[in-house]
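Structure first, commentary second.
The values are calculated or read from the model by the stated rules, or taken from the named source; none is laboratory data. Worth saying up front: this structure is predicted, and the values here are computed from it rather than measured. Here Cβ is always computed from backbone atoms with ideal geometry, including for glycine, and neighbour counts include all displayed protein chains. Heads up: the accessible areas ignore ligands, DNA and RNA and are worked out on the full protein's heavy atoms, side chains in. Shrake-Rupley method; radii C 1.70, N 1.55, O 1.52, S 1.80 Å.
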Amino acid sequence: MSADAPLLEVRNLKKHYPIQRGIFGGEVGRIRAVDGVSFSVERGETLGLVGESGCGKSTAATTMLRLEEPTDGDVLFDGVDITEYDDRELKRFRRRAQMIFQDPTSSFDPRMSIGESVAEPLRIHGMSDGNRRRAIVKDLLERVGMSGDDIDRYPHEFSGGQKQRIALARALSVNPDLIVADEPASALDVSIQADILQLISDLQEEFGLGVVFISHDLGVIRDIADNVAVMYLGEIVETGPTEQVFDSPQHPYTRALIDSIPSPNPRERGMAVELTGDVPSPANPPSGCRFHTRCPEVIQPEGYDFEQSAWRSVMNFRTKVTTRQIDLDGIREFVIAETDVTDPEDVTHDQMVDAIRSDFDIPDTLSDPEAESVLSDALERVVRDEFDEASASLAEAFETVCATDSPDMVRTEAGHSASCHLHDQSVEVEPGERIAQSDD
Amino acid sequence: MSDDPLLDVRDLKTQFHTDDGTVRAVDGISFDVDRGETVCIVGESGSGKSVTSESITRIIPIPPGEIADGEVIFDGQDLTEMSTDQLRKIRGNRIAHVFQNPQGALNPVYTVGKQIIEAIRIHKDVSKQEAREQTIDLLDRVGIPEAGKRIDDYPYEFSGGMKQRVVIAMALSCQPDLLIADEPTTALDVTIQAQILRLLGDLQDEFGMSIIFVTHDLGVVAEIADRVVVMYAGKVMERGDVYRIFENPAHPYTKALLRCRPGQGSQREAIRGSLPSMIDPPDGCRFAPRCPHAVEDCRDGDQPPMMEAEHPGHEVSCIFYQDGFDSTQLDSGPEGLSASEARTDGGESR
Amino acid sequence: MATGTDPDLTFEDVDWDAEQEHPLIDRSPVFLAQVVINAVIFGALIWDYFILNNESPTIEGLHYPAIGGDSLIGLGFWELRRPVLQFTTNGIEMTTTFSVWDVTSVEWLLMVVLAFGFFNVVVPLYQNQRMTAYYWRQFKKNKAAVASLVFLIVTFVIGFVGPVFLPPPELSLTEQYLPPMGVTAQPPGYAEPISGTLAHPLGTDHQGQDMLKLVIFGMRVSMQVGLLSMSIAVGIGTLVGTTAAHAGGIVDEVLMRYVDIQSTFPVFLLLLLLIYLYGGSLILIIALYGFFGWEGIARQVRSEALQKNEEAYIQASEAAGASQWWIVRRHIIPNTSSTIITAATLAIPAFILGEATLSFLGFADPEIYSWGQVIAGGRGDLRGAPWISTVPGFFLFFMVLAFNYLGDALRDSIDPRQEQE
């Protein structure tokens, strides 16, 4: 135990779930739920872990507490690696690190009075004297704003907000150093969220707790976190002090996420940069930068010059060609549905090409003639069902660093870290290629 | 087209009879929806906003539910007077629903195409092939890539956001006059929510339908609403133009809702207390027990009638807007004049 | 360091390094009482089996000469036994000694089960009175179930207390085929119709045994079979089901595949084989039903436990450092209790019927008074003396029905989730 080590330091944490098939359970792939995340939390500090559903933030929480065994990586608690702990040491660690869950209703055993539930950690960690437990629980309930007389009531007799207060009391009961809160306010009505968040930060201040606060809600993170780490598909894409990250986001994903929060000003509607598509599967994450399949700012290869939005569309098309996810029969049927043609045989190649272009929002001609010729050639090949050739020529002509190389986490000009090729020294970015971000 | 509103809900009361007593989920609310406009019903859980939306086409479970009173005039006809058979011809045809959970709206054992084709053929006399072509067209319009291929996919093959698009396509299949969307984006991520909200706006421009959008999220309201109905504990607290609601909120509840949105740092303020019992609601204004400005008169009699607040069309149910009261008192902080009179027992009542 | 009674103790005061040295022992008075009672029962059992001669009764010194004995003819059913102290004078025994309570293996088992039931059902219900009151309010709504409960309690009490005060039914060649009270019939062997009398309220069978006594002694057998087989089956089923669900993986696989194998096993044939080899003693039947009747319960409990396993409170307990065994015992078993109790109430009638079936077919111990045997005995006289088969049949029917009603009502009422609505 070293005094200057951070309370919690996570290094290159990975959690993969094997996908098993067949009677012998052979591994046919793995879901990379958490794929190399690193961060640290000091005493008295709140780290906000934010991301969309399926980005691995909850898995990161359970893995760093060793509620699930990490696949790889280290978790240093007070400078000591907990992944090496035996059962006895792990139990001692469990006293010092507590967790709060999203659903206040299901996190209480309905057959136990809340007094029993709050006292459970005390009992587990060896306090066998019922009177002492009762004294502690009564005091705790009062500290979280409940009444000591509530001790014999059952969970169903409380509202969601009250239950979340009691959950905080339970987490505090064994005097922990670290609290991991997994979406603790998401199930609550917005009108009482602020109360719970306030209570968490008050208790944190009083007891000098380290808090990892997990949420999909950027607003909540902004209110409570000192530092924030933005996760996408099992990786942290940007991390830094909360104000800095929110005021000058450096990763296109963070920018898109912040833009997606509906503004409470009806005069600002429709201003958001829209992120196309869905989050890819963590079983088969994209090569290079994992965000490149949706990134509105994906970097154009050298030598081309056309609009960023068209480039984004061409990239979408390229991805589908490579994975052979373009269904010609379906497009033919679509053409029939849209036009006067009735016989599939009568659908011309031009009509097919036009349909594909409109499907991917690719303009009729690209402004860059060289790019246009590559693209129209590839489209023609696709319509002739020559996917491999189309894929090869597209790959050769439209190679982008975003799809080939995985970006490193680097310190950006704003002062905090992000992992995006736009911040690479080696990648030359022309100013016009980036969508101008107004720092409003 | 007439000048009458497309939908006019008058004094609607929906109740649920339970072992513990009658839950007055919707207790006499009125609002209207014009053609081509979007009305947002906003409120916390338990405010009755979903029950309101379900009462319009009577898709609440009856029993224990019951529409106890009121009229729902849709295009000149009172839906509450209609038989279930007559209503069935309107549901899905002229009034379509989209729910929070797209999973529940799709049958997992049929392809999405089959389900939409069936929805079309229930209400329209078209051939299977025609219906299929319309379905591909619809799926394309709601932004599903490669609609011609995805039409034969099963619901599980779509992501949450794509599923919600399919559900919207199904709702639009008969070109309804009114689309009732009950928290359609709550289960989705923010980036997907932004896509769906934009989609709904585009589709409305294209089809010219009216939308009732039920949500708890004021950000979503600001994004999509023309007019807003703020509900609390089964009553309408305030209704009006979206700009008025956000820029000059009149009711203390609306003001409090705006103050408790996340992302405001230390400015953020919770609303004390919790929702009153819907079986035995408090006298006077339903919000009075939690209102920082409440005075004795607020806890007397019934919910105050809707009063005009400064601008025509902006109405509020608060006695401070009645003669003899000064609504500017509401602008002072909770510590202001009313603090001594406001209940100080605080805490969340059970 | 604060002591146990310090009301101002707060969580920051606790020295956890010292606290965690304590071994995790449950020192609640209820637990200790349970240990003591079980120790007494097992001590007595060992005393009975190893110290006492196998032939001698467990408790001597009490005996029950019949009031009036043979001198009073015609008391019929109402002939009671009265316990008196045995005494000897000058080495001469003043009364004939006969076995009083030679506790059988079935009864030993029953004592253990009743003690377990008392500590794990009655005591928790008493400790959580508010929850109990709620369950009762819910249960009360089902009137048929309340009637069933009353019927079963009365049956239970009579079945257990009755044989203590009543001498066993006796053969009587003079009182064969007497009809129940108030019934006039002409049974086989009688020249004229006769009427039943108060001496034998439910009549007598073809051997002159009092029907009411047969019913009461049969109640005891049925209750023993039902309770004991159920306890064994539910005990094993719960343990297997919860363990499989919570441990998962290979443990789950092995346990549940064994359940599959056992459920395809022809238990009835095994039963016949064992009865043929060892005779149809009551304990054998109870054990067979218990040890081969738990697969369904294990499956039900497992599927319920799997759902509960997903609940956040399990995860919360795990995150707090609880062991697997702690979680199973403190959270999973209590929260599957509605399934367990329902399975138990529905298993009892199944086992009672099973025993009655075996007795009816003549496989059971002829020494015991089983309803099945009585029904079988009367099946030749259905025309002349229908009460011999129908009276125990009637009780069997209502007992099974009552347990079914009870099971349904319990399933509906013992579910705290419903309270949330």
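Values as computed for the structure displayed
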read-out: Single match in A:M99, A:M64, A:M112 (criterion: within 9 Å of chain C (Cβ to nearest Cβ) and touching a strand residue (DSSP E or B) at 6+ places or on another chain (Cβ under 7 Å)); value: A:M99
read-out: Scope the range A:67-96; condition in a helix (DSSP H, G or I), touching a strand residue (DSSP E or B) at 6+ places or on another chain (Cβ under 7 Å) and under 25 Å from C:V14 (Cα atoms); matching residues; value: A:I82, A:F93, A:R96
read-out: Total residues in the range B:198-216, condition at the interface with chain A (Cβ under 7 Å from one of its Cβ atoms) and either surrounded by 24 or more Cβ atoms within 10 Å (Cβ to Cβ) or not in a helix (DSSP H, G or I) (or both); value: 1
read-out: Residue within the range B:204-215 that is more than 30 Å from B:F287 (Cα to Cα) and free of Cβ contacts under 8 Å to residues at least 24 places away in the same chain present; value: yes
read-out: Unique match (being of a type outside the set (K, R), within 9 Å of another protein chain (Cβ to nearest Cβ) and either over 26 Å from C:M131 (Cβ atoms) or surrounded by fewer than 23 Cβ atoms within 10 Å (Cβ to Cβ) (or both)) among A:T105, A:T71; value: A:T105
read-out: Search result, residues across the range B:1-14 that are surrounded by 23 or more Cβ atoms within 10 Å (Cβ to Cβ) and more than 19 Å from B:F207 (Cα to Cα); value: B:V9, B:L12, B:T14
read-out: Residue count, the range B:134-163 (criterion: more than 11 Å from every other protein chain (Cβ to nearest Cβ), modelled with pLDDT of 85 or more and open to solvent by less than 30 Å² (accessible area, probe 1.4 Å)); value: 1
read-out: Residue within the range C:389-410 that is surrounded by 15 or more Cβ atoms within 10 Å (Cβ to Cβ) and touching a Gly at 6+ places or on another chain (Cβ under 7 Å) present; value: yes
read-out: Set A:R165, A:R269: member being among the basic types (K, R) and out of contact with any Ser or Thr (no Cβ under 8 Å at 6 or more places or on another chain); value: A:R165
read-out: Test: residue in the range C:196-203 that is without any contact (Cβ under 8 Å) to a residue 24 or more places away in the chain and open to solvent by less than 60 Å² (accessible area, probe 1.4 Å); value: yes
read-out: Cβ pairs under 7 Å, 6+ apart, first in the range A:342-365 and closer than 15 Å to A:N316 by Cα and more than 11 Å from every other protein chain (Cβ to nearest Cβ), second open to solvent by less than 70 Å² (accessible area, probe 1.4 Å) and assigned to a helix (DSSP H, G or I); value: A:I362/A:A310; A:I362/A:S313; A:I362/A:V314; A:I362/A:F317; A:P363/A:A310
read-out: Matching residues, the range A:205-226, being surrounded by fewer than 20 Cβ atoms within 10 Å (Cβ to Cβ) and more than 12 Å from chain B (Cβ to nearest Cβ); value: A:E205, A:E206, A:F207, A:G208, A:D226
read-out: Condition check for B:I60: in contact with a helix residue (DSSP H, G or I) (Cβ under 9 Å, 6 or more places away or on another chain), open to solvent by less than 50 Å² (accessible area, probe 1.4 Å) and within 14 Å of chain A (Cβ to nearest Cβ); value: no
read-out: Test for A:R170: is it open to solvent by 20 Å² or more (accessible area, probe 1.4 Å), under 20 Å from A:G208 (Cα atoms), facing chain C (nearest Cβ under 10 Å) and assigned to a helix (DSSP H, G or I); value: yes
read-out: Complete set of residues in the range C:215-244 that are in contact with a Ser or Thr (Cβ under 9 Å, 6 or more places away or on another chain) and open to solvent by less than 20 Å² (accessible area, probe 1.4 Å); value: C:G218, C:M219, C:V221, C:S222, C:M223, C:V225, C:T238, C:G241, C:T242
read-out: Hits in the range B:242-258 (condition: in contact (Cβ under 8 Å) with a residue 12 or more places away in the chain and either facing chain A (nearest Cβ under 9 Å) or in a helix (DSSP H, G or I) (or both)); value: B:V242, B:R244, B:I245, B:F246, B:P252, B:Y253, B:T254, B:K255, B:A256, B:L257, B:L258
read-out: Test set (1) more than 7 Å from chain C (Cβ to nearest Cβ); (2) in a loop (DSSP other than H, G, I, E, B) - A:G126 fails condition number; value: (1)
read-out: Only listed residue being open to solvent by less than 10 Å² (accessible area, probe 1.4 Å) and within 14 Å of chain B (Cβ to nearest Cβ), chosen from A:S117, A:S191; value: A:S191
read-out: Residue in the range B:39-56 that is under 17 Å from B:I279 (Cα atoms), under 15 Å from the mean Cα position of the chain (by Cα) and among the aliphatic types (A, V, I, L, M) present; value: yes
read-out: B:D69 being over 18 Å from the mean Cα position of the chain (by Cα) and closer than 22 Å to B:P304 by Cα; value: yes
read-out: Residue match in the range B:42-53 (condition: part of a strand (DSSP E or B), open to solvent by less than 60 Å² (accessible area, probe 1.4 Å) and at pLDDT 85 or above); value: yes
read-out: Cross-chain or 6+ apart pairs with Cβ under 6 Å, the range B:278-306 first and open to solvent by 40 Å² or more (accessible area, probe 1.4 Å), then of a type in the set (A, V, I, L, M, F, W, C); value: B:I279/B:V23; B:D297/B:I319; B:R299/B:A288
read-out: The range B:91-133, subset in contact (Cβ under 8 Å) with a residue 40 or more places away in the chain and of a type in the set (S, T, Y), residue least open to solvent (accessible area, probe 1.4 Å); value: B:T111
read-out: Filter result (within 16 Å of A:D350 (Cβ to Cβ), touching a residue at least 24 places away in the same chain (Cβ under 8 Å) and in a helix (DSSP H, G or I)) within the range A:372-406; value: A:L375, A:A378, A:L379, A:E380, A:V382, A:V383
read-out: Helices (runs of 4 or more DSSP H) wholly inside the range A:257-366 that include at least 2 residues being small (G, A, S) and under 30 Å from A:A418 (Cβ atoms); value: A:308-322
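Residues are listed down the side, and each one gets a yes or a no for (1) at pLDDT below 90; (2) under 20 Å from the mean Cα position of the chain (by Cα):
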site: A:L65; (1), (2): no, yes
site: A:D72; (1), (2): no, yes
site: A:F77; (1), (2): no, no
site: A:V80; (1), (2): yes, no
site: A:E84; (1), (2): yes, no
site: A:R88; (1), (2): yes, no
site: A:A97; (1), (2): no, no
site: A:I100; (1), (2): no, yes
